[in-house]
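The values are calculated or read from the model by the stated rules, or taken from the named source; none is laboratory data. Predicted, not measured: the structure shown is a model, and the values here were computed from it. Ideal geometry is used to build each Cβ from the backbone, glycine not excepted, and the neighbour counts take in all protein chains shown. With ligands, DNA and RNA removed, areas are computed over all heavy atoms of the protein, side chains included. Shrake-Rupley method; radii C 1.70, N 1.55, O 1.52, S 1.80 Å.
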Amino acid sequence: MNEYLYLNSRDELYKIDITRIVFFEADGNYTGFTLCNGQKGSVCMNLAQMQKLIAENLSDSAATFARIGKRHIINMNYVFHISLLKQRLTLSDGASFAYDLDISKEALKKLKDIYTTSVRTLANSKK
């Protein structure tokens, strides 16, 4: 069953299947979002407010999303490539889309650590 995030502003309402959200991006007092089919939208709330809305409304599924640096919240399921040297994060489903984001080296290091730690933990649990 699909789970939806409802983004309501004064003049608009978005009903978004959370599995289709690739990332959110801060733009001053607005937060833009990009879906895997290329659709984009924007709502009048800052990224901290969006992060709180996700945590309050998605319960268990909120862990799918992670704040990366000052400007982005990403869907962890779409992390494809982390390049510390180029300070780039590629989000992709491996088939139909790829988005490259400029992310600080510190934020990318933390993201990479999350993945390498979880892979080690999973490998150790299978022994």
Open item on the list: Using Cα springs under 10 Å in a Gaussian network model of the chain, which residue among Thr34, Thr117, Thr90 shows the largest mean-square fluctuation?
Closed with: Thr117
- [ ] Would you please name the GluC sites (Glu not before Pro) within the stretch 1-46 that are DSSP coil residues with at most 11 other C-beta atoms within 10 Å of their C-beta?
- [x] Glu12
TODO: From largest accessible area down, sort Asp27, Asp17; use a 1.4 Å probe on the protein chains.
DONE: Asp27, Asp17
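If you count only protein heavy atoms with a 1.4 Å probe, what accessible area per residue comes out for the stretch 1-117, rounded to a whole Å²?
On the way: 7090 Å² over 117 residues.
Result: 61 Å² of accessible area for each residue.
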Open item on the list: I'd like the carbon and sulfur percentage of the solvent accessible area for the chain, probe radius 1.4 Å, heavy atoms only, ligands and nucleic acids excluded.
Closed with: 49
Task: Accessible surface of Phe23 - all protein chains present, 1.4 Å probe, nearest 10 Å² - done: 10
Open item on the list: Given a 10 angstrom Cα cut-off, can you work out which residue in Tyr115, Tyr30, Tyr78 is the most mobile in a GNM of the chain?
Closed with: Tyr115
- [ ] Please determine, in degrees from 0 to 90 and to the nearest 10, the orientation of helix 105-125 with respect to the longest principal axis defined by the Cα atoms of the chain, where the helix direction is its Cα long axis.
- [x] 60
- [ ] Quick one: what are the phi-derived ³J(HN,Hα) couplings along the stretch 23-36, Karplus 6.51/-1.76/1.60 with θ = phi - 60°, whole Hz, x for glycine and proline?
- [x] 7, 10, 9, 6, 9, x, 7, 10, 10, x, 9, 10, 9, 5
Task: Net dipole in debye of the stretch 1-40 [+1 Lys, Arg Cβ; -1 Asp, Glu Cβ; about Cα centre; nearest 20] - done: 60
Open item on the list: Can you give me the angle between helix 47-58 and the longest principal axis of the chain, using Cα atoms only, in degrees from 0 to 90, rounded to the nearest 10?
Closed with: 80
TODO: Let me have the 222 nm mean residue ellipticity of the chain computed from DSSP H runs of 4+ only, each contributing -39500 (n - 2.57), with the sum over all residues rounded to the nearest 500.
DONE: -8500 deg cm²/dmol
- [ ] Among Ala107, Ala63, Ala98, determine the one that fluctuates most according to a GNM of the chain built with springs between C-alpha atoms less than 10 Å apart.
- [x] Ala63
- [ ] Give me the distance between the Cα centres of the stretch 1-30 and the stretch 84-109, rounded to whole Å.
- [x] 21
